[in-house]
Amino acid sequence: MTVEPTPRSGEEAARQRIRAQAMSATKPGRELSSPDSRRRQAATQLTPQRLPLPSGDLRPAPGPAADGTHRVPDPQPAHMPPPDRDSAPDTWWESIARAERARAGRLRSLWQMTPEQRVAAMRRGDLTYEQLAAWSARHPDQVPTVHGEFEWIVAKLAEVCE
């Protein structure tokens, strides 16, 4: 049997009691239980309680709001014109064909250049990524290379920039 020293003051007795409670596995008035039952117990204590639904009419009262704020009416939807036949494709295939025609238009100026003009435009930075990729795909032998890689790709690598 261990004999605990008697506390000197009421404050120290309270500290000892708190320390003893913290060191023990149980809280005062509870018996030792398994960790699973403690988790279940904590979970049931933390579940929110449902509030009863209000009864009666839930519509807002007529007139201005009680706190002085006024509700602005919702804006009226804008009139939408019917879709243009040229801008709204009927099928997926038509939308693909439309995209291909647009791409061909963007690349038309590239194909009108000579290979030397394309190289000069590439080195000036005048060609878009789409144009560079199309040129590299259609005429890979015309695109200048550095160590077997297209020059326009190598120019963006960190090793070359340093």
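Read the figures in this text as sums done on the coordinates, not as results from a lab. On a predicted model such as this, the values are computed, not experimentally measured, just so you know. We place every Cβ from the backbone using ideal geometry, glycine too, and count neighbours over all the protein chains shown.
Summary of computed values
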{"item": "Per-pair calculated FRET efficiency, R0 = 30 Å: residue 90 and residue 147 via Cβ, rounded to 0.05", "result": "0.05"}
{"item": "Isotropic mean projected area of the C-alpha convex hull, segment 114-162 (nm²)", "result": "3.4"}
{"item": "Charge dipole of segment 114-162 about the Cα centre (unit charges at C-beta), most positive-ward option of 140, 120, 157", "result": "120"}
